[in-house]
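One structure below.
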Amino acid sequence: MRQKFVVGNWKLNKTIAEALALVTELKNQLGAVKGVQIGVAPTFVALPSVAKRLEGSNIATCAQNTHWEASGAWTGELSAPLLAEAGASWVIVGHSERRQHFGDTNETVGKKAVATIAAGLGAIVCVGETLAERDGNRTLPIVDDQLAGALGGIAAAATPKLVIAYEPVWAIGTGRTATPGQAQEVHAHIRKRLAERYGQVIADGIRIQYGGSVKPSNAESLMAERDIDGALVGGASLEAADFIAIVKAARPS
Ligand code: 13P
C-alpha cells in the first residue's frame with residue numbers, strides 16, 4: 001500500500017508572518033491525522049522559519065525549486081544542500097510554471113532531481129501536458145519525454161526518494177480539474193513507464209500525485225483512483241480549512 005502524500009505548493013504567496021500563522025494552524029489541526037504524509041512548500045525566504053515551526057510535527061517542509069549545482073557562480077540561485085540545511089526535506093522540481101516562465105527543460109529538471117536526491121532530499125518531479133498538447137492527442141508522448149528527462153539519472157536505489165506529480169497545465173489555477181478518469185489514465189501510464197524502467201515492484205511503491213485545481217469537493221474522488229496517491233495543491237493550500245479538508249480526504253478508509 002502506498003501512503004498518500006498531500007503537499008501544498010504555496011507558489012509566490014504569503015508573507016513570512018502569514019506563512020507562520022498558516023503552518024501553526026495546520027500543525028495544530030493536523031497533528032492527529034494518521035496514515036497520510038503531509039507537506040507544505042513555502043517561498044524560499046519563509047522556508048527556514050516554517051521548517052523551524054514544523055519541527056517535531058507530521059508536516060514536512062518542501063522547497064519549490066533548486067539549482068542542480070551545490071555551489072558556484074550562479075547568481076540568484078539556491079542549492080539542494082542549502083535547502084536541506086534550511087530544513088527542507090522535499091523539493092518540487094520541474095513545475096510547469098518553471099518550465100513555462102523560467103526555462104526549465106527536461107534536461108535541467110533531470111539534473112535538479114539528481115541534485116535533490118544527492119543532497120538527501122526527496123524529489124517531487126512534475127510532469128503534465130498543455131491544453132494544445134492534450135487537444136492534439138499528445139498527452140502521453142509529452143509525459144513520456146518529461147519522464148525520460150527527469151528519471152535518466154535516477155537509479156532504482158534512489159526511488160524511495162522519488163515522487164511523481166502529474167499536473168496537466170490546463171488544470172492549474174483554472175478551476176478546470178481533470179476528471180478522476182482522465183487523471184487515472186495518465187497515472188496508470190506513468191506507472192507503466194516506471195515499471196519498464198525500474199520493474200513492477202519498485203513502480204508499485206512510487207507515489208504519483210495529481211495536481212491541478214484540487215479542492216475539498218473533488219479531492220476524495222480523485223484520490224480514490226487506484227494510481228492517484230495524493231495531491232499537489234496550489235490555490236486551495238493557501239486556506240487552512242481547505243487544505244485540512246483535502247488532507248483528511250486522503251486518509252485511509
Ligand atoms: P492549483 O491547485 O491552484 O490549480 O495549482 C496546482 C499546482 O500547480 C500545484 O503545484
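The values are calculated or read from the model by the stated rules, or taken from the named source; none is laboratory data. Worth saying up front: this structure is predicted, and the values here are computed from it rather than measured. Methodologically, a virtual Cβ is constructed for each residue, glycine included, from the backbone with ideal geometry; neighbour enumeration extends over all protein chains shown.
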Practice item. Filter the range 3-22 for residues that are surrounded by fewer than 16 Cβ atoms within 10 Å (Cβ to Cβ) and within 16 Å of the chain's Cα centre (by Cα) and give the result. Key: Gln3, Leu12
**Study point:** Residue check for Ala231: part of a helix (DSSP H, G or I) and either closer than 16 Å to Gly8 by Cβ or among the β-branched types (Val, Ile, Thr) (or both)
**Key:** no
Exercise for review: Taking Gln200 as meeting all but one of (1) polar (S, T, N, Q); (2) exposed (fewer than 15 other Cβ atoms within 10 Å of the Cβ); (3) within 16 Å of the ligand (Cβ to nearest atom), write down the number of the exception.
Suggested key: (3)
Point to revise | Residue in the range 56-74 that is surrounded by fewer than 19 Cβ atoms within 10 Å (Cβ to Cβ), over 23 Å from Val163 (Cα atoms) and modelled with pLDDT under 95 present | key: no
**Study point:** Residues that are assigned to a helix (DSSP H, G or I) and either under 13 Å from Gln3 (Cβ atoms) or away from the ligand (no atom under 14 Å from the Cβ) (or both), drawn from the range 204-218
**Key:** Asp204, Gly205
Review point. Within the range 168-179, is there a residue that is closer than 27 Å to Ala80 by Cα and away from the ligand (no atom under 11 Å from the Cβ)?
Key: no
**Study point:** Enumeration of residues in the range 130-162 that are within 16 Å of the ligand (Cβ to nearest atom), part of a helix (DSSP H, G or I) and polar (S, T, N, Q)
**Key:** Gln146
**Study point:** Set Ala150, Ala188, Ala157, Ala183: member being among the small types (Gly, Ala, Ser), over 16 Å from Gly8 (Cβ atoms) and within 14 Å of the chain's Cα centre (by Cα)
**Key:** Ala150
Review point. Condition test on Ala165, is it more than 15 Å from Ile246 (Cα to Cα), in contact (Cβ under 8 Å) with a residue 60 or more places away in the chain, within 15 Å of the ligand (Cβ to nearest atom) and crowded, with 23+ Cβ neighbours inside 10 Å?
Key: yes
Check your understanding: Which numbered condition trips up Leu82, out of (1) within 19 Å of the chain's Cα centre (by Cα); (2) in a helix (DSSP H, G or I); (3) closer than 28 Å to Lys52 by Cα?
Key -> (1)
Review point. Which residue pairs have Cβ atoms closer than 7 Å, lie 6 or more positions apart in sequence or on different chains, and pair a first residue in the range 56-67 that is under 11 Å from Gln37 (Cα atoms) with a second residue that is aromatic (Phe, Trp, Tyr) and in a strand (DSSP E or B)?
Key: Ala60/Trp90
Exercise for review: Would you point out the residue of the range 186-196, among those that are surrounded by fewer than 16 Cβ atoms within 10 Å (Cβ to Cβ) and either among the charged types (D, E, K, R) or more than 29 Å from Ala115 (Cβ to Cβ) (or both), that is farthest from the ligand (Cβ to nearest atom)?
Suggested key: Glu196
**Study point:** Where Ile59 falls short, out of the listed (1) touching a Gly at 6+ places or on another chain (Cβ under 9 Å); (2) within 16 Å of the ligand (Cβ to nearest atom)
**Key:** (2)
Point to revise | Filtered residues of the range 66-79 (kept if more than 16 Å from the ligand (Cβ to nearest atom), assigned to a loop (DSSP other than H, G, I, E, B) and either on the phi > 0 side of the Ramachandran plot or touching a strand residue (DSSP E or B) at 6+ places or on another chain (Cβ under 9 Å) (or both)) | key: Trp68, Glu69, Ala70, Ser71, Gly72, Trp74, Gly76, Glu77, Leu78
Review point. Taking the range 224-236 on its own, how many of its residues are away from the ligand (no atom under 14 Å from the Cβ) and either among the polar types (S, T, N, Q) or buried (at least 23 other Cβ atoms within 10 Å of the Cβ) (or both)?
Key: 2
